[in-house]
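J.: Quick one: the structure is below, and I'll ask about it shortly.
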Amino acid sequence: MTDLFLPLLLACTAGYALYRRVDLFPTLLCGVEKGLHTALHILPTMIVILTAVRMLRVSGFVDLMGQACRPLLQLTGIPEECAALLLLKPISGSGGLALGQDIMRICGVDSVQGRTAAVMLGASETSLYTISVYCGYLGLKKTRYAIPAALLADFAAFVCAAWFVRILY
């Protein structure tokens, strides 16, 4: 069924457009043009963020900060192995997935650390990345409360992930 979903969706969309007498090809071209414009507009932001994430991981800064956060992690019940994930996930989804994969490879997928990492990845957002892309596209310079609120929500998601894993497993 999943193999047929996309072709069926496209066929239904084309059928609806024909029913509504919409000139399909020019409309499609207009959408592609707008999508390319958006992609080109956010490309510099994406390059800077991805470069910064790579520099932070390679330099060892993420691991160093994880060790510095050890008392806070113990207080909240977050496994020490998930410290780097806590710091990197709000910036980069792919970096967070790579760290989660490392945690699961080293500790095991059924370990408390592996399960906590999996729930953390699913329960949180790449907040700084999302805010920078949206604000960069819209030309917003002041985010005011958006960044602190997003980071607080991510932290709450991480703490709840650790608690729920400990309670349920």
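J.: What is the residue count in the range 82-138 for residues that are farther than 26 Å from residue 44 by Cα and among the charged types (D, E, K, R)? Spell out how you get there, then give the answer.
T.: Step one: of the range 82-138, the residues farther than 26 Å from residue 44 by Cα are 82-83, 100-120, 122-123.
Of the ones still in play, those that are also among the charged types (D, E, K, R) are 102, 105, 110, 115.
Counting residues in the range 82-138 that are farther than 26 Å from residue 44 by Cα and among the charged types (D, E, K, R) gives 4.
J.: Would the range 57-67 turn up any residue that is without any contact (Cβ under 8 Å) to a residue 24 or more places away in the chain, in a helix (DSSP H, G or I) and of a type in the set (Lys, Arg)? It would help to see each step written out before you state the result.
T.: Applying the first criterion (without any contact (Cβ under 8 Å) to a residue 24 or more places away in the chain) to the range 57-67 yields 58-61, 63-67.
From what is left, the residues that are in a helix (DSSP H, G or I) are 58-59, 61, 63-67.
Next cut, of a type in the set (Lys, Arg) only: none.
Checked the range 57-67: no residue is without any contact (Cβ under 8 Å) to a residue 24 or more places away in the chain, in a helix (DSSP H, G or I) and of a type in the set (Lys, Arg).
J.: Can you tell me which residues in the range 1-13 are within 30 Å of residue 137 (Cα to Cα), surrounded by 10 or more Cβ atoms within 10 Å (Cβ to Cβ) and not β-branched (Val, Ile, Thr)? Quick ask: steps written out before the conclusion?
T.: Our first condition is that a residue be within 30 Å of residue 137 (Cα to Cα); within the range 1-13, this holds for 6, 9-10, 13.
Subset that is surrounded by 10 or more Cβ atoms within 10 Å (Cβ to Cβ): 9-10, 13.
Answer for the range 1-13, where residues must be within 30 Å of residue 137 (Cα to Cα), surrounded by 10 or more Cβ atoms within 10 Å (Cβ to Cβ) and not β-branched (Val, Ile, Thr): 9, 10.
J.: Within the set of pairs 6 or more residues apart or between chains, which connect a residue that is farther than 19 Å from residue 38 by Cβ inside the range 127-143 to a residue that is open to solvent by 50 Å² or more (accessible area, probe 1.4 Å) with Cβ atoms less than 8 Å apart?
T.: Qualifying pairs under 8 Å: 127/147; 127/151; 127/153; 128/147; 128/151.
J.: Looking at 113, 74, which is the one that is part of a helix (DSSP H, G or I), under 26 Å from residue 161 (Cα atoms), over 23 Å from the mean Cα position of the chain (by Cα) and not aliphatic (A, V, I, L, M)? If you could, list the steps in order and put the result at the bottom.
T.: Details: 113 fails: over 23 Å from the mean Cα position of the chain (by Cα).
After applying the criteria, what remains is 74.
J.: What do you reckon, is residue 35 under 30 Å from residue 139 (Cα atoms) and over 18 Å from the mean Cα position of the chain (by Cα)? Walk me through how you get there before you give the answer.
T.: Values: under 30 Å from residue 139 (Cα atoms): yes; over 18 Å from the mean Cα position of the chain (by Cα): yes.
Answer is yes for this residue.
J.: Which of the residues belonging to the range 120-138 are closer than 16 Å to residue 78 by Cα and open to solvent by 60 Å² or more (accessible area, probe 1.4 Å)? I'd like the intermediate steps shown before the answer.
T.: Step one: list which residues in the range 120-138 are closer than 16 Å to residue 78 by Cα, which gives 120-124.
Across the range 120-138, the qualifying residue is only 122.
J.: Quickly run through the range 36-55 and pick out the residues that are free of Cβ contacts under 8 Å to residues at least 24 places away in the same chain, open to solvent by less than 90 Å² (accessible area, probe 1.4 Å) and either of a type in the set (Phe, Trp, Tyr) or under 14 Å from residue 134 (Cα atoms) (or both).
T.: 39, 43
J.: Regarding residue 58, is this residue open to solvent by 90 Å² or more (accessible area, probe 1.4 Å) and β-branched (Val, Ile, Thr)?
T.: On the way: open to solvent by 90 Å² or more (accessible area, probe 1.4 Å): yes; β-branched (Val, Ile, Thr): yes.
Spelling it out, residue 58 is indeed open to solvent by 90 Å² or more (accessible area, probe 1.4 Å) and β-branched (Val, Ile, Thr).
J.: While we're on this one: Of the numbered conditions (1) part of a helix (DSSP H, G or I); (2) at pLDDT below 90, residue 100 fails exactly one; give the number of that condition.
T.: For residue 100, the exception is condition (2).
J.: Also: Exactly one condition in (1) open to solvent by less than 30 Å² (accessible area, probe 1.4 Å); (2) among the aliphatic types (A, V, I, L, M); (3) more than 17 Å from the chain's Cα centre (by Cα) is not met by residue 64; state its number.
T.: (1)
J.: Let me ask something else about it. So, in the range 78-107, exactly how many residues are open to solvent by less than 20 Å² (accessible area, probe 1.4 Å) and not aliphatic (A, V, I, L, M)?
T.: 8
The values are calculated or read from the model by the stated rules, or taken from the named source; none is laboratory data. Remember, predicted model here, so these are calculated numbers, not experimental data. Cβ: placed from backbone, ideal geometry, glycine included. Neighbour counts: every protein chain shown. Heavy atoms of the whole protein, side chains included, go into the accessibility calculation; ligands, DNA and RNA do not. Shrake-Rupley method; radii C 1.70, N 1.55, O 1.52, S 1.80 Å.
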